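The values are calculated or read from the model by the stated rules, or taken from the named source; none is laboratory data. What you see is a predicted model, and the numbers here were worked out from it, not measured in a lab. When we count neighbours, we look across all protein chains shown, and the Cβ atoms used for this are built from the backbone with ideal geometry, even at glycine.
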Ligand SMILES: Cc1ncc(COP(=O)(O)O)c(C=O)c1O
């Protein structure tokens, strides 16, 4: 986890973990604030580039308000996310989704949000409505060369977006002419972005924009955890990015604006999952099972951090399968190496600040409590309204 973006919990917060009822998610809101300032000031150095927050990364209102006090723009994937983000103080919006219903389209048009559409069919459905605004954006699938792929990047194997090949360009010309639409934005998200991948996307999308004369903006999506893992390359990347843009702008006599919209880089390392050990058992030949009072399945399907046993920190390290509290067989974290575990020990899972509490609510478990730590104060904060 990036040392630039995220801090270790303060001593006071670490002590508070020990008295917090479990299961709980604790947000270090001071750290969310610091992370947001850090990214905002770094991104300012990229020419014509602004930073938005990808709302899908958290639906916690306290976290959203903390971020919207510092940056005003965000990306939303649905009407629900737009309503929540607006209520939490965001003022500028982008949106991309593989599917908007006609009612969704009407809602976003009425709220002056340009939709970045994912398929020719969605563009036709939008065009047929004959909305007053003729502006649309395009979700673009980027062919990432093998050399720039990383273990969390996604190029043409992504199911999202349109590949900008000749057939697509012909179809786009036909539908935009038919419905008098203007394509004003490219929107991509290619998983985790390294500095070299960002430069590649800039070059690729600027080149493609030469076929799109109304295009005013390129949105590079999120995936900044990897970008910050290469923080030492940031200054050189900024120089290269600005140089490429200036040359392109001179050659084409046009300007372009850029957006980035990380989600996890704002929040992931600023949240902790707290869970108690409630049972221990073993099956012959299997790694011992540790039953926890939280569910990993409901909370976060893709970031699985290694927990600390803070009740028995420093004891011998053993291997366990941590088990979640639902009846889903895969609700577990296999092969975790942690200090020897006893009943009632407190496990702290770092990197649980993003994409938590917004997943399925399988088995309708008891609600998980959310806590916020801000300027020395510790208090229970709102949970997503759809959790029981
Ligand atoms: C369109 C889009 N933008 C931004 C993000 C945020 O990505 P991350 O949280 O990795 O920064 C996502 C994540 O799925 C996305 O789909």
Please give the helices (runs of 4 or more DSSP H) falling wholly within region 218-282 in which 2 or more residues are under 19 Å from residue 203 (Cα atoms) and either in contact (Cβ under 8 Å) with a residue 24 or more places away in the chain or more than 12 Å from the ligand (Cβ to nearest atom) (or both).
-> 224-229, 234-252
Of all residues in region 21-43, how many are crowded, with 18+ Cβ neighbours inside 10 Å, more than 16 Å from the chain's Cα centre (by Cα) and either in a loop (DSSP other than H, G, I, E, B) or within 14 Å of the ligand (Cβ to nearest atom) (or both)?
-> 3
Residues satisfying the stated conditions in region 312-345, i.e. on the phi < 0 side of the Ramachandran plot, free of Cβ contacts under 8 Å to residues at least 40 places away in the same chain and not in a strand (DSSP E or B) | 312, 313, 315, 316, 324, 326, 327, 328, 329, 330, 331, 340
Evaluate region 63-80: report whether one residue or more is within 15 Å of the ligand (Cβ to nearest atom) and within 20 Å of residue 232 (Cα to Cα).
-> no
Just to be sure, is residue 46 crowded, with 16+ Cβ neighbours inside 10 Å and at pLDDT below 95?
-> no
Kindly indicate whether residue 89 is over 16 Å from the mean Cα position of the chain (by Cα), within 16 Å of the ligand (Cβ to nearest atom) and in the same structural domain as residue 202 (by TED's automatic domain parsing).
-> no
Pairing a residue in region 52-75 that is touching a residue at least 12 places away in the same chain (Cβ under 8 Å) and not assigned by TED's automatic domain parsing to the domain that holds residue 37 with any residue that is outside any helix (DSSP H, G or I) and more than 14 Å from the ligand (Cβ to nearest atom), where Cβ atoms lie under 7 Å and the two sit 6 or more apart in sequence or on different chains, gives none
Reported set for region 85-96 where residues are surrounded by fewer than 20 Cβ atoms within 10 Å (Cβ to Cβ), outside any helix (DSSP H, G or I) and in contact with a helix residue (DSSP H, G or I) (Cβ under 9 Å, 6 or more places away or on another chain) is 89, 91
